[in-house]
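Note sheet for the following structure.
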């Protein structure tokens, strides 16, 4: 570090104290050239840092040309010493050069290393990223695997030597909180740190950072090169490297080391970065826990703690926490006294946080989490100028478009995709992924002529602003797939409602993003566990069950999905009965929809215990007390619905159904309540009344017994119920009623409704069978399980929304056949039928 | 003074005060303590923290830890007292609030007896002052006729006053503290005088933050306190340890027949309580809803004790899942509608799947169905 040598400014990446010191040192040194640790490829784009539109946090992004998923980031924030040095130099028109090992080599080395320990299971791609950060300051932490033990965390060692158990705190006390003494030598801190690092390097060598000798050799060569050209040279690099860069070595030795390094072709650009991604929480290698706090320390002109507390108070007030100026004063006092007690030179983040918790947040961690998220980490989003080179995502997209022969055209056009074809499936995936990323190039429309699940129709239109969206989406990743994965994971965390997360899971399947699925599922399971509203859960269930089935069709591993779906079904089942209590008419109607949806979804799950328990729950519901004036009960609509669903599933025989109906129509029940019961019971098909005269008789008897004053009240309900019936059914029911008490029910099997003979004509019935077979596809060998409605044989006339099963019910064929099967019930039926005639 | 007798006779006391029980440690600390002490403090803040958290002194005296938990909490508490803000210790039952408060007072003022026990019937006199009516009638209002409260004495002597269960005190009585804490003075309008607090005075209050039916602090009062929440035991091991130790003690004092304390059942109870309380399973993989009950360590202790009594008197003498199931149900399901769903969900999604919990699941299902 002598005058004729280059000035080596050892720093800690992302340290505001380091940044300040670097600025002071550069002002004192007035160098002719500034050398910064970073990939030399970035020399070409460094000028952009001076651009007006450039706003940190940003990152240098280097990626392999042939494979954009191989990428490394060098993030810098406003308080990063590197950024300070770059800006300082550019403002004074001093050239800036990056001197680290070229990314071309780092990538190639990482690839080779990855190849080497393929079996070891180390994530090679990430290793390249972490290497790129220059892990000197905080390395060691992120490589928890095999290599971790040999790596040295220099700051940790120094902190331990100084008697600190926390490396971060030692660094804060020793470096970040140092108040630069006015007029002193701005280089003094660097000399001290260099000495300390020198001692460390003597003891630990390269500390297990494998590529360090190579990188340092390259840096030395670049420094020598600069020294030949310029007089005063300043080098900003990780403090760890300083001793190695100061060492005297021969040019030939350094050249020798770098000889024959593998290389790949790389491109480099600036991308916007966020404070959140600088933070450790996001799992990125940059590894600072509190970028927002550092930013504050760097930008606050004076009294950092007092200013910080004021910021915190402002945030809490925005969120409606009553925080007064007195609180701020007390927090500052507490933080400063705590610092004295802990023997620290200045109150740090720990003291500030303790004080905020105790004074402003009433000891609670809940508002504190907000402070941590919004201020300590922070929401800052960087910007890069438009002139920055294209992000790799754009390239990846262009390449995929070419490969799939899918040109971006401004003209709107429709695209039919047959997902059974390889290319079309890939196209569909691409479009789904882009939609997840907010790049709405294609919009899915309803197919013209096909309802098959293997067809998709898209309307494509490439708008110019989509290019901007692509650039924005570049933050999420370097390929369409990885960006969509990251975005999906993020959206899952941010999604406000449970149903949105389930929809997202479905989209992840459509877009084939298996890596995003575990994260989405996790969020889904957590949300489901905490959501107390059964409605939300029931809404989420159908999409999820669809996803499970869809995943099966696509051969995706959907075990996790199925587990979540089953868990959700259990929660709905447990939560439903209490949720049905004490609802008003609108609430009950809403709940009926949930009940239907959840019932259908549960039916599609292939888990018998779950189905059995679901049926048990329905039975309980059907037998519940109706609502009274004093106690909240279950609305008739829901009880009737539960009875109907059970009946449709053959879990309730008609006798029991008749008993329940009789109960619902007992004289004590309010007419409106009974009408609601009918609505629930008969919704989605009235064939039941045609086939079972006993039920019809009960309805009829009740209806005629409704007192005139109440009749006007129940009329709308009844009208709604019966208007939903098919016209044929309505007519039949009407005819049956008009026929009135005509057929005196005889004892035995002789009783037959009008239009039916006493004994079925087997020959005529058999004549229908071939047609029926044809309709059901029983002989053709087609897969009857393809359609969910058709597959569940018990779903006779049941499912809302009229699937194939419904249509068949109204076919004149099956009723006739069913009339046969119902013969079995006839004997008992005739007994209860008697009173009907009397009442009339 | 009525309290002096017990202080002197501490050797025979059933439960000696902290300052007597740990007199040796306090003396050693005071001798070794060379840091600046706030006025009328017996020890420096650093030494007070060491007294509570434990450590070794240069002269070899070992200070036993009085509080096992995060260091941060004690540091904030001590610092609060040094900044003349009042300290509010919050926590669910069984988190050592009173214990910490007593030791803090003992270490700072050497006196933990200036205590106001908060109850629904605590009168204003207990916080301000009362009158000796015989004196009052005989000689008229004067300082002699005045009976100072512990708080008033602490103010005039510059010591720490303690208030237990602050939130149980009726709201209007609570508000007497506002003047004391903000103006640091206690007016005596009857005499036209006031008692001003001298340096060293401060208040440590404890309150239960999840108890129902308490008088919540007014924001005016709350603003005068720095709040420290004492956490529940950090790990299962710690909590299991606390529960088994207490169950053992209680069992002996209630003279329950010896029952081989089922370590497995205790662990199970603690696990259930922790999971429901934290809203996440022990492995951190599944979230669960939290019921409205507190589910404190103290309740876990009572559930196990109950179970032991059941097993001893009506069972086969071994603590079985069935013995604790109904106790757990009672502790968890406080609100019959909402909590029952929470509990059933927990049973179906967590307990049912767990290895070795079959018996417990069955026992719980039976108990739950019976309700």
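Observations on the structure shown:
- Test for residue A:387: is it within 23 Å of residue B:231 (Cβ to Cβ) and either assigned to a loop (DSSP other than H, G, I, E, B) or within 13 Å of chain B (Cβ to nearest Cβ) (or both): no
- Condition check for residue B:356: on the phi > 0 side of the Ramachandran plot, more than 14 Å from chain A (Cβ to nearest Cβ) and surrounded by fewer than 18 Cβ atoms within 10 Å (Cβ to Cβ): yes
- Annotation for the range B:311-326: at least one member residue is in contact (Cβ under 8 Å) with a residue 12 or more places away in the chain, assigned by TED's automatic domain parsing to the domain that holds residue B:251 and under 30 Å from residue A:580 (Cα atoms).
- Of the residues making up the range A:655-667, one or more are in contact (Cβ under 8 Å) with a residue 60 or more places away in the chain, farther than 13 Å from residue A:718 by Cβ and surrounded by fewer than 21 Cβ atoms within 10 Å (Cβ to Cβ).
- Every residue from the range B:305-352 that is part of a loop (DSSP other than H, G, I, E, B) and more than 10 Å from chain A (Cβ to nearest Cβ): B:314, B:315, B:316, B:317, B:318, B:319, B:320, B:333, B:334, B:335
- Some residue of the range A:424-436 being more than 30 Å from residue A:47 (Cβ to Cβ) and in a loop (DSSP other than H, G, I, E, B): no
- Residues of the range A:334-354 satisfying the condition of being at the interface with chain B (Cβ under 8 Å from one of its Cβ atoms) and under 20 Å from residue B:88 (Cβ atoms): A:334, A:337, A:338, A:341, A:354
- Residues that are modelled with pLDDT of 80 or more, away from chain A (no Cβ under 14 Å) and surrounded by 12 or more Cβ atoms within 10 Å (Cβ to Cβ), drawn from the range B:225-246: B:233, B:236, B:238, B:239, B:240, B:241, B:243, B:244
- Test: residue in the range B:179-187 that is within 14 Å of chain A (Cβ to nearest Cβ), surrounded by fewer than 16 Cβ atoms within 10 Å (Cβ to Cβ) and part of a helix (DSSP H, G or I): yes
- Among (1) at pLDDT 90 or above; (2) over 30 Å from residue B:303 (Cα atoms) - the single one residue B:222 does not satisfy: (1)
- Apart from one condition, residue A:398 fits all of (1) surrounded by 16 or more Cβ atoms within 10 Å (Cβ to Cβ); (2) in a helix (DSSP H, G or I); (3) more than 9 Å from chain B (Cβ to nearest Cβ); the exception is (1).
- Count of the range A:498-532 residues, restricted to those that are in a helix (DSSP H, G or I) and either more than 14 Å from chain B (Cβ to nearest Cβ) or touching a strand residue (DSSP E or B) at 6+ places or on another chain (Cβ under 8 Å) (or both), is 18.
- For residue A:1, the conditions (1) at pLDDT below 85; (2) within 26 Å of residue A:292 (Cα to Cα); (3) not in a helix (DSSP H, G or I) all hold with the exception of (2).
- Of all residues in the range A:308-341, those that are in a loop (DSSP other than H, G, I, E, B) and surrounded by 21 or more Cβ atoms within 10 Å (Cβ to Cβ) total 1.
- Here the strands (runs of 3 or more DSSP E) wholly within the range A:17-133 that include at least 1 residues being modelled with pLDDT under 85 and under 26 Å from residue A:477 (Cα atoms) are A:58-64, A:71-76.
- Scanning the range A:566-601 for residues that are in a helix (DSSP H, G or I), within 14 Å of chain B (Cβ to nearest Cβ) and more than 12 Å from residue A:539 (Cα to Cα) gives A:566, A:567, A:570, A:571, A:573, A:574, A:575, A:576, A:577, A:578, A:579.
The values are calculated or read from the model by the stated rules, or taken from the named source; none is laboratory data. Since the model is a prediction, treat every value here as computed from it, not as a measurement. As a convention, Cβ positions derive from the backbone with ideal geometry for all residues, glycine included, and neighbour counts pool all protein chains shown.
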